[in-house]
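Student: So that we are looking at the same thing, I have put the structure below in structure tokens.
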Amino acid sequence: MTTVTVPLYRLAHGRTGDKGNISNLSVIAWEEEWYPIIEEQVTEAAILEWFYFRRPTRVTRYAIPSIAAFNFVIEGALDGGVNDALNLDSHGKALSFHLLDFPVRVPAALASKLPDVHQPPEETL
């Protein structure tokens, strides 16, 4: 089977929250049938490596199959949290955008059907 690599945002959307030095990132599949692809590739180890530049100490993934979603708890990624961090995004809100850029391999036939924010809008009459 031929596969292509696409960013995770073509398969899912996300939300971000924080508490102290811990970031909570959710990943919710746009379609239920894409959940297994995300489950297989967007693992704790892969996300720990993807966020290496934030120096996380641990990543825990919680699966929520009933809504085709995952919650990632990323510890130690916020430079101490809102009150301690000197970075511009001490809440870590932009981390969900970084997560949604994670590369995911999908069958080539599926890739052509996935939504993409870079597609031009259809012309209207």
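The values are calculated or read from the model by the stated rules, or taken from the named source; none is laboratory data. Keep in mind it's a predicted model, so treat the numbers as computed, not measured. When we count neighbours, we look across all protein chains shown, and the Cβ atoms used for this are built from the backbone with ideal geometry, even at glycine.
Student: Of these, 44, 75, 40, which one is of a type in the set (Asp, Glu), surrounded by 12 or more Cβ atoms within 10 Å (Cβ to Cβ) and either modelled with pLDDT of 95 or more or under 15 Å from residue 14 (Cα atoms) (or both)?
Tutor: Criteria check complete, one pass: 44.
Yes/no matrix, rows are residues, columns are (1) touching a Ser or Thr at 6+ places or on another chain (Cβ under 6 Å); (2) acidic (Asp, Glu); (3) in a helix (DSSP H, G or I); (4) modelled with pLDDT under 95:
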position	(1), (2), (3), (4)
27	no, no, no, no
63	no, no, no, no
71	yes, no, no, no
115	no, no, no, yes
122	no, yes, no, yes
